[in-house]
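Read the structure below first, then the notes.
The values are calculated or read from the model by the stated rules, or taken from the named source; none is laboratory data. Note that this is a predicted model, so its numbers are computed, not measured. Cβ sites come from the backbone with ideal geometry, for glycine too, and all protein chains shown count toward neighbours. These area figures cover heavy atoms from the full protein model, side chains too; ligands, DNA and RNA do not enter into them. Shrake-Rupley method; radii C 1.70, N 1.55, O 1.52, S 1.80 Å.
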Amino acid sequence: MFGFKQDEAATVVQFIAEQVRRDISFGVLPPDSRLKIEDLRQRYGGSAHSLREALTLLANEGIVEASTQRGFRVASASQADLEDVTRLRAEIECLGLKWSMKHGAVRWEGELIAARHAIDRADNLVMGDIDALALDWDEANREFHAVLVSRCNSPRLIEFQSRLFFESRRFRFAVLKERGIVPEELITMRNRLVDAVLARNDQKAIEALEKLILEPFGNL
């Protein structure tokens, strides 16, 4: 009985976190805005405790900032933030990919090919209805990049890569909304990346991944 209540409470926290995460990603909750518990209760429902748990979860992802004196607020999203998170993400993912290429076998290659197919398809679909399909597109994107580092044998690197991916989501959505995403170019870059991985060419794979992460944001 008590286990059921705990599971139910965890589900509520996850649901609220997903709603807040979505609104932060789409700019409904702007950067640096304060997240007042009572205001959030009116918007999302749930208890004050559930909301604090959800915001703490998002703080661990880096998209919410928590302060003992000031409470919670949406993390900033300046040009400096974009450069910092994107450059660091490129470094971490390239390292994770290098390690994965040492340990990943045929099954990993199959997972990578399948993930590439899913994000290529999402690229082509999202431009038809950005508002409705942006989250599906980004989830396919997340899965592809998660597979790249999944055989690195470093749980800490995988966790950090995931956090940086979520931190950079707002910037990807901004580019997407401005129609700065060119599906054909992304598909070409991914093909070069996957081909280099399958050929076990570390240098070309790392160069291709770095370009894939950095190029949508221009010269950083």
*For the chain, what is the accessible area per residue in Å², given a 1.4 Å probe and the full set of protein chains?*
54
*Measure off 7 Å from each Cα along the Cα-to-Cβ vector at Arg179 and Ala114, then give the distance between these two points in nanometres to one decimal.*
3.5
*Could you tally the net charge around Asp202, taking each other residue with its Cβ under 11 Å from the Cβ of Asp202, Lys/Arg +1 and Asp/Glu -1?*
+3
*asked:* Using only Cα atoms and rounding to the nearest 10 degrees, what angle (0 to 90) does helix 48-61 make with the longest principal axis of the chain?
replied: 20
*Tell me which residues come under 5 Å, amide H to amide H, from Val64 once H is placed; ignore anything under 5 positions away on its chain.*
Ala59, Ala75
*According to a simple spin-label model (label point 7 Å from Cα along Cα-to-Cβ), what is the distance in nm between Ser78 and Leu133?*
3.6
_Just to confirm a number: summing +1 for Lys and Arg and -1 for Asp and Glu over residues other than Ala105 whose beta-carbon lies under 15 angstrom from that of Ala105, what do you get?_
+2
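Taking 0.36 nm per residue of separation and subtracting the Cα-Cα distance, what length does fully extending Ala59 through Ser33 add?
Numbers: separation 26, 0.36 × 26 = 9.36 nm, distance 1.40 nm.
Computed gain between Ala59 and Ser33 is 8.0 nm.
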*Tabulate in residue order the Karplus-calculated ³J(HN,Hα) for segment 116-126, using 6.51 cos²θ - 1.76 cosθ + 1.60 with θ = phi - 60°, rounded to whole Hz; enter x for Gly and Pro.*
5, 4, 5, 6, 4, 5, 5, 4, 6, 7, 5
*asked:* Under 10 Å, Cα contacts only: if you run a Gaussian network model on the chain, which one of Glu167, Glu178, Glu83 comes out with the highest mean-square fluctuation?
replied: Glu178
*Per principal axis, descending, Cα span of segment 125-220 in whole Å*: 36, 27, 26
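The chain: D in µm²/s via Stokes-Einstein (Kirkwood Rh, Cα pairs, 4 °C, 1.567 mPa s)? All intermediate terms of the calculation are to be shown ahead of the outcome.
Details: Rh = 18.6 Å.
My calculation gives 70 µm²/s for D.
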_Estimated distance in nm for a label pair at Asp195 and Arg107, the labels positioned 7 Å out from Cα along Cα-to-Cβ_ = 2.9
*Can you work out ³J(HN,Hα) from phi for every residue in segment 84-91, in order, using Karplus 6.51 cos²θ - 1.76 cosθ + 1.60 and θ = phi - 60°, giving whole Hz and x for Gly and Pro?*
5, 5, 6, 5, 5, 4, 4, 5
*For segment 130-140, take each phi angle, set θ = phi - 60°, evaluate the Karplus expression 6.51 cos²θ - 1.76 cosθ + 1.60, and give the result in whole Hz per residue in order, putting x for glycine and proline.*
4, 4, 7, 10, 4, 5, 4, 4, 5, 5, 5
